[in-house]
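Chemist: Below you'll find the structure I mean.
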Amino acid sequence: MSDTSNKMWGGRFAAGPSAVMQEINASIGVDKRMWQEDIMGSRAHAAMLAATGILSADDVAAIDAGLAEIAGEWSAGPIEEDLALEDIHMHVEARLREKIGEAAGRLHTARSRNDQVATDLRLWVRGAIDRLDQGLAAFQRALLVRAEEHAASVMPGFTHLQSAQPVTLGHHLMAYVEMAQRDRGRLADARKRLNKSPLGAAALAGTGFPIDRDMTARALGFDAPCANSLDAVSDRDFALEFLTSCMQAGLHLSRLAEEVVIWASQPWGFVKLPDAYSTGSSIMPQKRNPDAAELVRAKSGLFLGALTRLATVMKGLPLAYSKDMQEDKTPVFDAYDTLALSLAAMTGMIEGLGFHTDRMKAAAAGGHSTATDLADWLVREAGVPFRDAHHITGRAVALAETRGCLLADLAIDDLTAIDARIGPGVFDVLTVDASVASRKSFGGTAPDQVRARIAAMRAEI
């Protein structure tokens with residue numbers, strides 16, 4: 001093992017590292033996940049070295065064929081890990097040397113592991129963003145289907161978890177579609193900024209070889225090369241932005257998961273959980289536990305932890321590369337895995353939820369949720385200033401509470417005794433259906449508004 005390490009580090013060291021040093025120094029257990037990106041980057045680099053005349057066409061042909069063979073091997077089976085080889089870059093190079101001999105050693109001309117790993121990680125995060133965007137779109141489509149089913153289904157709208165005003169279930173679900181759209185926008189913004197190529201920055205100062213960085217950038221789908229070699233190898237803003245985007249998406253999923261947990265409890269009874277996303281109790285046979293939702297809610301904490309972890313790694317690092325930055329990949333990979341799984345779970349759950357709309361509608365009438373409609377009627381029909389109307393309505397609510405009835409169940413005489421300007425027409429606005437139908441302003445809960453927004457979002461997605 002020491003022979004391999006000495007070859008990697010050159011003649012600077014007389015002896016190989018201790019076992020402990022090998023263990024703490026090696027990253028292959030984590031960064032082997034980027035083997036496809038590493039091979040992709042190496043093939044692009046080799047093609048450029050041939051095009052610029054830095055390497056012979058024969059050497060590059062052998063390198064490219066060998067890398068293609070390695071990709072085939074590792075697609076079919078696991079990588080054989082060797083801590084002495086430290087990372088995925090050296091595993092690729094060592095396997096290439098076994099295949100093609102001396103020419104493999106020429107692949108590393110005009111680059112460093114510093115620009116190599118920065119390129120690999122950018123490529124990997126870019127792919128992760130694209131996959132998460134697809135997952136978020138699938139989540140949105142599931143919400144849109146259910147929102148359309150329930151564009152006119154009435155439920156309570158809450159502030160402070162207290163009944164506030166009636167809304168439709170479709171409108172409520174569409175709020176999460178909007179959140180997911182912002183999540184996709186954040187990921188798209190992060191993707192735009194990360195799409196610059198570090199390859200060719202070498203260790204930190206660039207290279208004296210006549211390389212063509214534009215060529216490798218184009219080959220790897222980047223918009224352009226990074227403009228500063230120091231920044232190219234030391235920047236992990238793209239990973240921090242990715243983690244920030246994951247954190248926000250995870251928070252949105254957690255909010256929906258919390259609502260599912262509440263709605264599924266017996267005192268609420270708004271939803272029936274699908275069997276595929278529920279568990280039972282080891283002792284209570286009647287239980288149907290919302291474990292999937294609870295786990296999504298709990299896993300949201302990982303995103304903040306991942307962001308904090310990487311921010312702590314980066315916060316005090318001088319330019320350019322430091323070994324601390326080897327710790328950048330675990331939080332990124334963990335966040336991706338967790339968000340992808342959480343999205344799949346919430347998408348499946350939304351698709352399978354059974355909504356008890358009769359119970360939702362009955363609950364919507366509780367808490368005198370149409371009180372604002374009475375105040376609005378006084379303003380609109382009787383010309384009462386809103387603050388006065390608010391006070392009048394408060395007196396009507398107090399009377400209904402004393403009587404133990406809804407506002408709509410008060411007699412007209414009761415209401416005119418509070419204020420003579422209240423007329424029989426007020427009863428047209430005091431039902432939950434009338435309340436919902438009246439909210440026709442853009443972005444409101446009226447069923448027609450909900451359906452219009454569903455159509456617009458379908459086109460956008």
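Chemist: Looking at G200 and the list (1) surrounded by fewer than 18 Cβ atoms within 10 Å (Cβ to Cβ); (2) touching a Lys or Arg at 6+ places or on another chain (Cβ under 6 Å); (3) part of a loop (DSSP other than H, G, I, E, B), which single condition is not satisfied?
Modeler: Checking G200 against (1) surrounded by fewer than 18 Cβ atoms within 10 Å (Cβ to Cβ); (2) touching a Lys or Arg at 6+ places or on another chain (Cβ under 6 Å); (3) part of a loop (DSSP other than H, G, I, E, B), the one that fails is (1).
Chemist: A137 fails exactly one of the following numbered conditions: (1) more than 30 Å from D373 (Cβ to Cβ); (2) modelled with pLDDT under 95. What is the number of that condition?
Modeler: All conditions are met except number (2).
Chemist: Still on this model: Quick check on this structure: which one of A175, A180, A190, A164 is modelled with pLDDT under 95 and aliphatic (A, V, I, L, M)? Spell out the reasoning first.
Modeler: Details: A175 fails: modelled with pLDDT under 95; A180 fails: modelled with pLDDT under 95; A190 fails: modelled with pLDDT under 95.
Just a single option satisfies the conditions, and that option is A164.
Chemist: Another question, then. For the subset of segment 204-220 comprising residues that are exposed (fewer than 14 other Cβ atoms within 10 Å of the Cβ) and without any contact (Cβ under 8 Å) to a residue 60 or more places away in the chain, which member is farthest from A311 (Cα to Cα)?
Modeler: Top of the filtered list is G208.
Chemist: If we only count helices (runs of 4 or more DSSP H) wholly inside segment 327-417, which ones have 1 or more residues that are buried (at least 22 other Cβ atoms within 10 Å of the Cβ) and touching a residue at least 60 places away in the same chain (Cβ under 8 Å)?
Modeler: Output list reads 329-352, 357-364, 371-382.
Chemist: Residues that are modelled with pLDDT of 95 or more: which helices (runs of 4 or more DSSP H) entirely in segment 1-117 hold 3 or more of them? Full working, then the answer.
Modeler: Values: elements: 2-9, 19-25, 28-31, 35-51, 57-76, 88-100.
Output list reads 35-51, 57-76, 88-100.
Chemist: How many residues does segment 55-90 contain that are hydrophobic (A, V, I, L, M, F, W, C), within 17 Å of I211 (Cα to Cα) and surrounded by fewer than 19 Cβ atoms within 10 Å (Cβ to Cβ)?
Modeler: Count: 1.
Chemist: Related question: For segment 152-196, give me the residue count where each residue is more than 26 Å from H368 (Cβ to Cβ) and not hydroxyl-bearing (S, T, Y).
Modeler: Residues meeting the conditions: 20.
Chemist: Taking the condition of being of a type outside the set (V, I, T) and part of a helix (DSSP H, G or I), how many residues in segment 418-431 meet it?
Modeler: 4
Chemist: Need pairs with beta-carbon distance below 6 Å; first residue in a helix (DSSP H, G or I) and within segment 135-155, second hydroxyl-bearing (S, T, Y); sequence gap 6+ or separate chains.
Modeler: Sorted first by the residue in segment 135-155, then by its partner, the pairs are A138/T347; F139/T347; A142/T347; L143/Y176.
Chemist: Name the residues in segment 235-256 that are in contact with a Ser or Thr (Cβ under 8 Å, 6 or more places away or on another chain) and either open to solvent by 60 Å² or more (accessible area, probe 1.4 Å) or small (G, A, S) (or both), would you?
Modeler: G250, L251, S254, listed by residue number.
Chemist: Only one residue in A152, A142, A190 is in contact with a Phe, Trp or Tyr (Cβ under 9 Å, 6 or more places away or on another chain) and crowded, with 16+ Cβ neighbours inside 10 Å, so which one is that?
Modeler: On the way: A152 fails: in contact with a Phe, Trp or Tyr (Cβ under 9 Å, 6 or more places away or on another chain); A142 fails: in contact with a Phe, Trp or Tyr (Cβ under 9 Å, 6 or more places away or on another chain).
Exactly one of A152, A142, A190 is in contact with a Phe, Trp or Tyr (Cβ under 9 Å, 6 or more places away or on another chain) and crowded, with 16+ Cβ neighbours inside 10 Å, namely A190.
The values are calculated or read from the model by the stated rules, or taken from the named source; none is laboratory data. Because the structure is predicted, anything quoted here is derived from the model rather than measured. Note that we place each Cβ from the backbone using ideal geometry, even for glycine, and neighbour counts take in every protein chain shown. Heavy atoms of the whole protein, side chains included, go into the accessibility calculation; ligands, DNA and RNA do not. Shrake-Rupley method; radii C 1.70, N 1.55, O 1.52, S 1.80 Å.
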